1. Provide the packing ranking of 7-17, 112-122, 203-213, i.e. peptides ordered by the mean count of other C-beta atoms within 10 Å per residue, highest first.
2. Using the per-residue mean of other Cβ atoms lying within 10 Å as a proxy for protection, in what order, highest first, do the peptides 31-38, 136-143 fall?
3. Helix hunt in the chain: which complete DSSP H runs extend at least 27 Å axially by C-alpha with mean Kyte-Doolittle at least 0.0?
4. Under the 0.36 nm per residue contour assumption, what length would be gained going from the current alpha-carbon distance of Ile86 and Leu174 to full extension?
5. Along the three principal axes, how long is segment 2-219 when you take its alpha carbons, biggest first, rounded to the nearest angstrom?
6. Per 0.36 nm of contour for each residue apart, how much would the distance between Ile210 and Thr191 grow if the chain were fully extended, relative to their Cα-Cα spacing?
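The numbers here are math on the coordinates, done by the rules we state, and not lab data. Model, not experiment: these values are computed from the prediction. Cβ placement follows ideal geometry from the backbone for every residue including glycine, while neighbour counts extend to all protein chains displayed.
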Amino acid sequence: MKKIFLLLKRELFVNFRNLDNLYINIFFFILSIFIFILSFGYDNLFSKEYGHAVIWSVVLFTIILSSEQFFIEDFWDGSIRELQIIGFSSHSIILVKLLVMWILLILPILFITPIMSLLLGIEPSEIKTLLISIALGSPSLLLISIIGIIITVQSKKNKLLLVTLILPFYIPILIFGVGSVELERKLISPTSNFFILIGIFLITLPNTLIAGNFAFREINK
């Protein structure tokens, strides 16, 4: 456990040195939603009806565009290999990076989302459901991005390959995440969707760890 805390401290330190990238990620999230608001207007029926889907979509693309920065430098400067040499398993590296990504990327989004939701005209009663669905669904989105990055890290066309490879796996998470708010809107409990999002995470986590272990072996050869 002590080694995990040391690795967590190291990851936080490295990423706090690159706060500019984190600011850019949050700025992208806010700007994307503002562009939508300016395009359709604040008091627009479409914004009120599909605002939660817009937020979920922007969360997805923010993760796709930003998750690479948590891995790419460590791969190219040999840090991943060094961490494994000194005794950190691929599983612990992936889990710690997942936690750091959630803290530095998703947590700020969760704080900003209520404001963005009100600007989109989403009802206050639906915002809580939206936040819970993002909190439960985002770890799976991050895990899928992680495995995509690990597999494509040696390619010169990372972004294109990454999106092509992993985009289909995002669809079920989006469906149940967006559907949670739809159920709340119909006065139906979204708990079933929440449990499905948790189930997707429990399926995605071991598969990511197994695939990541094999990918790390290939990269380190």
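1. Ranked by mean Cβ neighbours within 10 Å, highest first: 112-122, 203-213, 7-17.
2. The packing order, highest mean first, is 136-143, 31-38.
3. Going by DSSP H runs, the hits are 19-40, 45-66, 124-152, 158-185, 191-219.
4. 27.8 nm
5. Answer, in whole Å and largest first: 56, 35, 34 Å.
6. Here the segment from Ile210 to Thr191 would lengthen by 3.9 nm.
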